[in-house]
Amino acid sequence: MSTDQKAGAFWKRIVDYVNASPVLSGAVPREWSQCKQRWGRINEQVCKFVGCYEAAVREQASGQNENDVMKAAHDIFFNDLGIKFTLEHCWRELRFDQKWKSLGVPKEGPKEKSKEAAEVVAEEEGAEVRPPGVKACKAAKRKRQVDRYTLLFGLLAVLVACCCGHGVEFKLSGRKEGNALVLLCLALWLCHGKV
């Protein structure tokens with residue numbers, strides 16, 4: 001889906017999807033505020049649990065399996081926040097999404113192995129690069145436009161400096177676009193006129 005949408009439209013689409021679920025058939029339809037509130041709670045706790053899980057992986061001793069790591073992650077979560085982590089089913093669904101994916105950098109070992117692991121992580125990061133958002137695209141577009149106007153303004157200013165010897169007078173406006181337009185018109189007049 002597009003990122004260029006209003007929050008109301010996004011949550012309306014989510015509500016339609018949730019209410020169309022066969023699991024909720026016959027239940028009272030949920031509203032967008034309920035879905036948004038539930039997602040906020042899930043997002044917050046899963047993000048915190050991801051940090052606890054990564055800490056547990058870093059502390060993983062030789063001979064420990066996945067169940068031992070999960071138990072350690074639950075213990076870290078409980079010690080840090082004082083509540084039990086009850087959204088493990090959500091974490092299992094979200095753990096491989098880009099936002100929650102751990103980098104999987106192992107703890108320090110022999111130099112060759114750590115270099116190989118770092119290269120694998122770099123390759124994985126390059127494989128799934130997030131596209132730029134709407135704001136980043138607009139900022140880049142504005143920067144290109146400003147650079148274009150600066151270049152055009154500089155070139156035309158050189159033309160004007162050459163024309164000042166011909167007795168041509170003009171007044172620049174406050175806007176770069178207006179200045180560029182005035183200078184462009186002047187350059188065209190000089191090229192096709194009395195020069």
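Would you kindly derive the ³J(HN,Hα) couplings of the range 6-17 from the backbone phi angles with the Karplus curve 6.51 cos²θ - 1.76 cosθ + 1.60 (θ = phi - 60°), listing them in order in whole Hz, with x for Gly and Pro?
With the stated coefficients, the range 6-17 comes to 7, 4, x, 5, 4, 6, 5, 5, 5, 4, 4, 5 Hz.
For the range 41-56, what does the Karplus curve 6.51 cos²θ - 1.76 cosθ + 1.60, with θ = phi - 60°, yield as ³J(HN,Hα) per residue in whole Hz, taken in order and with x for Gly and Pro?
For the range 41-56, the Karplus curve yields 5, 5, 4, 4, 6, 5, 4, 5, 5, 4, x, 5, 5, 5, 5, 5 Hz.
If you add up the charges near Gly82, with Lys and Arg at +1 and Asp and Glu at -1, over every other residue whose beta carbon is less than 15 angstrom from its beta carbon, what do you get? Walk me through the intermediate numbers first.
Numbers: positive: Lys48, Lys84; negative: Glu44, Asp75, Asp80.
Here the charged neighbours net out to -1.
Determine, from the Cβ-Cβ distance of Lys71 and Trp39 and an R0 of 22 Å, the FRET efficiency 1/(1 + (r/R0)^6), rounded to the nearest 0.05.
Result of the calculation: an efficiency of 0.20.
Starting from the range 28-58, pick out the GluC sites (Glu not before Pro) whose DSSP state is loop and whose Cβ has at most 16 other Cβ atoms within 10 Å.
Glu31
Show me, for the range 25-39, the HN-Hα J-couplings you get by feeding each phi into the Karplus relation (A = 6.51, B = -1.76, C = 1.60, θ = phi - 60°), rounded to Hz, glycine and proline as x.
Using θ = phi - 60°, the values come out as 5, x, 8, 5, x, 8, 9, 5, 5, 5, 5, 5, 5, 5, 5 Hz.
Taken together, the values in this text are just the output of simple stated rules run on the coordinates, not laboratory data. Here the structure is a predicted model, which means the values were calculated and not measured. A quick note on method: Cβ atoms are made from the backbone with ideal geometry, for glycine too, and the neighbour counts reach across all protein chains shown.
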